[in-house]
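K.L.:
Got a structure for you, written out below as structure tokens; questions coming shortly.
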Amino acid sequence: MSQLDLSFLHGKAEQSLGTQLPGRRKMNLKSERRGIHVDQSELLCKKGCGYYGNPAWQGFCSKCWREEYHKARQKQIQEDWELAERLQREEEEAYASSQSTQGAQSLTFSKFEEKKTNEKTRKVTTVKKFFTASSRAGAKKAAQEKTPKQGQLGRERNADNILRDLKEIFTPSWELASPSEEIQEAKAPSPSIHRQASIETDRVSKEFIEFIRTYQKPGQDIYKQCKLFLDTMSHKRDLSIEEQSECAQDFYQNVADRLQTRWKVPPEKVEKAMDEVEKYIMTRQYKYVFCPETTDDEKKDLAVQKRIRALHWVTPQMLCVPVSEEIPEVSDMVVKAITDIIEMDSKRVPRDKLACITKCSKHIFNAIKITKNEPASADDFLPTLIYIVLKGNPPRLQSNIQYITRFCNPSRLMTGEDGYYFTNLCCAVAFIEKLDAQSLNLSQEDFDRFMTGQTSPKKQESDSFSPDVCLGVKQMCKSLDLLSQLNERQERIVSEAKKLEKDLIDWTDGITKEVEDIVEKYPLEIKPKSQALAAIDSENVENDKLPPPLQPQVYAG
């Protein structure tokens with residue numbers, strides 16, 4: 001699998017991604033901006049392969065996680081086999097010793113020795129269960145003669161007990177699944193849900209057949225491999241969800257390799273074909289592998305929902321969310337983001353669930369851009385995503401994350417914007433689970449009061465509502481409060497307009513008075529109009545000083 005370009009990562013997460021909680025800082029205009037910061041090194045696989053890591057895989061990418069998983073599994077199998085041999089030897093030695101000294105021992109001591117032997121026998125039988133093949137019907141009989149190789153193959157089939165030990169090594173506390181002694185069948189869906197699933201399955205099957213026809217012979221091979229995989233999985237319902245996930249991941253890898261090596265299909269067509277294969281396979285497998293009863297996914301869903309409900313009082317200011325919902329366009333983007341993250345639960349294909357996360361994230365980036373009038377950064381995105389999750393409280397959030405992690409095409413989670421956004425969502429959920437007073441810059445006393453519901457940091461008007469009040473009433477009160485604020489702004493504008501009018505009148509009167517004072521101080525003298533001069537050729541009876549008019553003279557030539 002070739003490594004794709006990670007330029008998108010470097011553009012988006014120049015400083016951070018992780019669940020590091022910010023320390024307490026002073027709030028002033030000149031202080032550094034408080035927020036939820038993440039580190040780029042935490043975003044990538046901690047093994048240094050360059051792909052995206054995942055908190056569900058302890059910071060590894062899916063490829064490195066599977067390698068570490070297989071190493072630990074083989075090591076655990078070898079240790080279990082050695083333990084079984086050692087216990088069996090001890091049991092045989094104890095039994096031989098008890099037989100040799102049985103005649104010389106008292107009845108009480110014989111009963112004690114028999115009890116001790118039975119106790120060791122039960123331990124050996126328990127350990128031998130690691131090596132026996134699982135059976136869903138009838139009583140399970142322990143194999144008396146098993147070679148090390150046969151015992152190891154038997155334990156491969158019965159991996160439930162081994163996986164519990166492996167999870168304690170690799171899985172965090174919030175990820176651990178409760179032990180399950182028997183694998184139960186999934187609950188039968190209601191008739192309406194079954195009909196809806198059948199219709200969608202038929203539609204996806206027709207689309208898949210139409211798609212593979214364009215690939216001709218490679219398409220026929222793809223269809224054959226898919227049918228074989230579905231038939232194989234139908235006989236592996238008793239496997240743990242981790243083993244079914246491993247089978248799906250191996251199937252994806254094998255199909256991609258066959259298309260590239262055997263059929264020489266171009267990489268872009270391989271990627272498109274794998275998307276259709278995932279859609280076809282997971283639409284049929286969805287009801288068996290999504291939130292199975294053999295895991296505690298449902299329990300974790302309820303725990304996350306309860307946690308988010310308890311944090312309903314968290315405000316955008318506490319998380320330093322750079323989004324102003326007072327702007328209508330931003331408010332619409334926030335609503336769309338919440339809708340997309342909630343809609344994720346209605347999708348059946350991992351790729352479609354990832355598409356919902358991607359659409360939600362893009363709405364968040366647009367909301368930040370409109371609010372700040374500049375492109376958003378990774379430091380702005382993660383706090384806003386946390387706020388969206390807290391406000392939306394998506395249903396079955398952990399089940400959806402686990403489903404995507406287990407059965408999505410691994411190339412989508414390791415590279416590209418889908419992998420980037422999904423990794424951010426995982427970190428947002430981890431942050432919510434670990435959120436405390438220090439991360440919100442609150443005192444422990446205030447944090448405890450907010451969590452217990454004794455008080456709320458919101459406005460006093462909203463404190464009068466009980467938690468049972470519907471959202472419509474709360475929205476109506478919020479609208480009335482907004483109208484009241486608009487009324488106050490209007491009255492302030494009218495008051496300022498009247499003041500401006502009065503200032504203009506006073507300014508006009510002042511200018512008029514100044515002009516009058518100047519005119520009074522420097523009065524204007526108007527001289528009488530002078531008489532017009534008489535024409536030169538007219539008779540001048542009043543002024544004899546003018547010379548007589550010229551007379552024409554005649555010259556003799």
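K.L.:
Gain in length, S346 to D250, computed as 0.36 nm per residue apart minus the alpha-carbon separation, to one decimal in nm?
P.N.:
31.9 nm
K.L.:
Here is a further query. FRET efficiency for E200 and K272, Cβ-Cβ distance as r, R0 = 22 Å, nearest 0.05?
P.N.:
0.60
K.L.:
Pop the C-beta distance of E329 and A497 into the FRET formula with R0 = 25 Å and round what comes out to the nearest 0.05.
P.N.:
0.30
K.L.:
Moving to a separate point now. Within the set K474/K499; K478/K502; K206/K287, which residue pairs have Cα atoms separated by over 28 Å?
P.N.:
K474/K499; K478/K502
K.L.:
Given 25 °C and 0.890 mPa s, how large is the Stokes-Einstein diffusion coefficient of segment 490-531 in µm²/s, with Rh as the Kirkwood radius over Cα pairs?
P.N.:
Diffusion coefficient, whole number: 183 µm²/s.
K.L.:
Compare L550, L228 by solvent-accessible area with a 1.4 Å probe and give them largest first, with all protein chains kept in place.
P.N.:
L550, L228
K.L.:
Moving on. With the calculation restricted to Cα positions, what are the radius of gyration and Dmax of segment 218-304 in angstrom?
P.N.:
Rg and Dmax of segment 218-304, Cα atoms, are 15.0, 48 Å.
K.L.:
Taking the Cα-to-Cβ direction at L504 and at V473 and moving 7 Å from each Cα, how far apart do the two end points lie in nm?
P.N.:
Going by the 7 Å Cα→Cβ label model, 4.9 nm.
K.L.:
Measure off 7 Å from each Cα along the Cα-to-Cβ vector at K236 and S100, then give the distance between these two points in nanometres to one decimal.
P.N.:
About 5.0 nm, to one decimal.
K.L.:
Related question: Put H235, H312 in order of accessible area, largest first, 1.4 Å probe: what do you get?
P.N.:
The ordering from most to least exposed comes out as H235, H312.
K.L.:
Cβ neighbours within 10 Å, averaged per peptide: list 361-368, 211-218 in order, most packed at the top.
P.N.:
361-368, 211-218
K.L.:
Give me the net charge for the shell around A355: Cβ to Cβ below 12 angstrom, other residues only, Lys and Arg +1, Asp and Glu -1.
P.N.:
Within the 12 Å Cβ shell, the charges total +1.
K.L.:
Determine how large the accessible area of V204 is when every protein chain is in place; take a 1.4 Å probe and give Å² rounded to the nearest 10.
P.N.:
That residue has around 10 Å² of solvent-accessible surface.
K.L.:
Then there's this: Provide the packing ranking of 252-261, 383-392, 270-279, i.e. peptides ordered by the mean count of other C-beta atoms within 10 Å per residue, highest first.
P.N.:
Top to bottom by mean Cβ count within 10 Å: 383-392, 270-279, 252-261.
K.L.:
Of K227/K279; K71/K353; K217/K272; K359/K391; K336/K434, which sit over 20 Å apart, Cα to Cα?
P.N.:
Pairs exceeding the cut-off: K71/K353; K336/K434.
The values are calculated or read from the model by the stated rules, or taken from the named source; none is laboratory data. The structure presented is a predicted model; accordingly, all values stated were derived computationally and were not measured. Methodologically, a virtual Cβ is constructed for each residue, glycine included, from the backbone with ideal geometry; neighbour enumeration extends over all protein chains shown. We work out accessible area using only protein heavy atoms, side chains counted, and drop any ligands, DNA or RNA first. Shrake-Rupley method; radii C 1.70, N 1.55, O 1.52, S 1.80 Å.
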